[in-house]
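Every number in this text was worked out from the coordinates using simple rules, so none of it is lab data. Everything quoted here is computed from the prediction, not taken from an experiment. Quick reminder, even Gly has a Cβ in these numbers, built from the backbone with ideal geometry, and neighbours come from all protein chains shown.
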Amino acid sequence: MHQADSIFEALANLYEYLSIYYRNEYFFRNEIINNIYWSRHDLSISHMYSEFSVGKSRTDLAIFNGTSTCYEIKTEIDSLRRLEGQISDYIRFFDRVYVAITEERLRDAIDLLPVEVGIIVLTDSGIFESRNAESNIDNIDPVRVFNSLRQAEQISIASNYEPTVLNLGPIEGYFKAKEIFSSLNPHLAHMEFMSAVKSRKSVREDQQFRQLPRFLGGAYVATKMTKSMWTQLIHRLFQSMG
């Protein structure tokens, strides 16, 4: 790596170092964003979240477009001890579930994971899909879906089935909305959640996201900086450090 003349070059050098010597969670997340999210999904209708909570677990990346997909990252230094419990949470919420691992741990993942869980492998030359995730929508738990909705979303969805829920107080309205949502079949519960997500603010297609340096995709998703703040940051990246 050569001496950097700008912050951009310094960060690019650091990212190259990570790719060779320390492929941490940020590096994994960034590679998934660059090689899967940008290439496979229609960004104009896609929503992506970093660290999306489901049950007692928090998946590293969640993508919602025509369906719901999550990616749980396990680097070469991460323990697989909690993976079984995490997958148990995810398969009751997401249509498709993937685990991203290093090539050295592929056999362990195959032995441990249910066959419906997909496997993404990070190698020295890039990312490849070792096993495709199967649709899991029939196993989705409406209660878990309900618990991931925002309060206003819970009431709004429930009112589509029983308008009188709008006349109830906050506590009574919550429990009535939960009762209504819990009675939905998995497909309908998933569809309602997908509709709610469409109205949320998240990472969507915009020119600024497309113009980001390759090594900043993960940071863009994880932070809550405004577009103007990112514009200033990108401008600063190319200024000389001399």
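Using alpha carbons only, how many degrees (0 to 90, rounded to 10) separate the axis of helix 227-237 from the longest principal axis of the chain? In the chain, helix 227-237 runs at an angle near 10 degrees to the longest axis. When the Gaussian network model of the chain links Cα atoms closer than 10 Å, the mean-square fluctuations of 154, 232, 86 top out at 232. For region 85-242, the relative contact order works out to 17 percent when only alpha carbon pairs closer than 8 Å and six or more residues apart are counted. Footprinting exposure proxy ranking of 80, 113, fewest other C-beta atoms within 10 angstrom first, gives 80, 113.
Packing, as the average of other Cβ atoms within 10 Å across residues, places the peptides 234-241, 11-18, 137-144 in the order 137-144, 11-18, 234-241, highest first. Summed over all non-identical Cα pairs, the Kirkwood treatment of the chain gives a radius of 19.6 Å. Taking Lys and Arg as +1 and Asp and Glu as -1, the other residues whose beta-carbon sits under 15 Å from that of residue 136 total -3. Simple point charges give the picture: +1 on the Cβ of Lys and Arg, -1 on the Cβ of Asp and Glu, and for region 24-139 a dipole about the Cα centre of about 260 debye. Beta bridges assigned by DSSP with both partners in region 24-139 are antiparallel in approximately 60 percent of cases. Each of 45, 120 was scored by other Cβ atoms within 10 Å of its Cβ. Arranged with the fewest first, they read 45, 120. Placing +1 on the Cβ of every Lys and Arg and -1 on the Cβ of every Asp and Glu, with no other charges, gives region 68-121 a dipole of roughly 120 debye about its Cα centre. Protection proxy ranking of 172-181, 23-32, by the mean of other Cβ atoms within 10 Å over each peptide's residues and highest first, is 23-32, 172-181. Remark: for residue pairs 176/227; 178/224; 198/224, the C-alpha separation exceeds 28 Å in 176/227; 178/224. Note: relative contact order over region 24-139, using C-alpha pairs below 8 Å and six or more positions apart, is 20 percent. Overall, region 102-221 carries a charge dipole of about 560 debye about its Cα centre when +1 sits on the Cβ of Lys and Arg and -1 on the Cβ of Asp and Glu, all other atoms neutral. With neighbour counts taken as other beta-carbon atoms within 10 Å, the residues 135, 79 rank, fewest first, as 79, 135. Highest mean packing first, where packing is the average number of other Cβ atoms within 10 Å per residue, the peptides 220-228, 60-68, 189-197, 155-163 line up as 60-68, 189-197, 155-163, 220-228. Of the GluC sites (Glu not before Pro) in region 81-153, the ones in a loop by DSSP (not H, G, I, E or B) with at most 16 other beta carbons within 10 Å are 116, 134.
Where both residues lie in the chain, what percent of DSSP beta bridges are antiparallel, nearest 5? Present the calculation step by step, with values, prior to reporting the outcome.
On the way: 18 of 28 bridges.
Beta bridges within the chain, antiparallel portion: roughly 65 percent.
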